[in-house]
1. Please order 132, 24 by the number of other Cβ within 10 Å, starting at the fewest.
2. Where in segment 126-180 are there GluC sites (Glu not before Pro) that are in a DSSP coil and have at most 13 other Cβ atoms within 10 angstrom of their Cβ?
3. Using 0.36 nm times the number of residues separating residue 32 and residue 219, minus their current alpha carbon distance, what extension gain do you get?
4. Run the quick spin-label model on residue 190 and residue 92: label points 7 Å from Cα toward the beta carbon, then report their separation in nm to one decimal.
5. For 204, 110, what's the fewest-to-most ordering of other Cβ within 10 Å of each Cβ?
6. Report the convex hull volume per residue for segment 17-248, counting only C-alpha atoms, in Å³.
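Quick note: the coordinates plus some simple rules give every number you see, no bench work behind them. Nothing here was measured: the structure is a model prediction, and the numbers come from that model. Positions of Cβ are generated from backbone atoms using ideal geometry, with glycine treated the same way; all protein chains shown enter the neighbour counts.
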Amino acid sequence: MSAAASDGGIEASASCLSLCLDHLSLYEVSALDLIEIAARLECGAVSLFVRPLPLGPYKDLVCDAAARADVARALRDTGLSVGVVEPFMLDERIDWELMERSVALAAELDGTVNVLCFEEEPARLQASLGRLTELARAAGVRVAVEGFTLSSIKTPAEALALAESVGCIAGLNVDTLHVMRAGGSWADVAALPPERIAHVQLSDGPCVAPFDLQREATVARLPPGVASSISQASCRCFPRPRAWRWKLHSFLRPA
């Protein structure tokens, strides 16, 4: 299955869009395995976790030169590009040396720095994002702010306001599940400036939110359309940017 951008919205078709297989779609596998699977599925890109996380067997591509070289070789061999690079978390305890090295890796992979915000103090958050975007600007890489249900920046409108506060380098990563859960609306999405949309994450969930939102957001996502919360009509509300790239979350998982 693929998705396409047309004047009428998103529809199944031969790939006019670049489909990007997200690491959360197959969170139990390594970066190398994800790249191999994405190539077999004829995706155009992958989004990668580049540092160890409890979710899966992710090597530290920032500090492990051999692992980084293996991933770079696999990307070259398959012809895949890189979508967003994670994790980049803005909270009260930022290791700026590690952040700078992570930005450099995102630039090396030609990916986009994907930002989740957990700093609750607005002025500190804006300052941190400003510092991160300056690192990104120096490295020649773009930044995307993602509204996340359990973070301090939840809705597309909040993410847009934060991105606009630091200039044109910061775009948006819009996650359909988070739009549903964070109290935003499809009208909010339709109002977003198209040039700000760097990525769209398509995944689904039941109309009634589960008790454990953290689990749903990480390891219990559903494919688009499975729970009828994400419909073709809701996808049509996305403004059409100049270049589309869609991330598929949980695309391979059964309902």
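1. Ranking 132, 24 by Cβ neighbours within 10 Å, fewest first, gives 24, 132.
2. Numbers: sites: 134, 146, 158, 164; in loops: none.
Counting only loop positions with at most 13 other Cβ atoms within 10 Å, none of the GluC sites (Glu not before Pro) in segment 126-180 qualifies.
3. On the way: separation 187, 0.36 × 187 = 67.32 nm, distance 1.94 nm.
Once the chain is fully extended between residue 32 and residue 219, it gains 65.4 nm.
4. Label-label distance for residue 190 and residue 92, simple model: 4.1 nm.
5. On the way: 204 21, 110 13.
Neighbour counts put them in this order, fewest first: 110, 204.
6. Numbers: hull volume 27.2 nm³, N = 232.
Output value, Cα hull per residue: 117 Å³.
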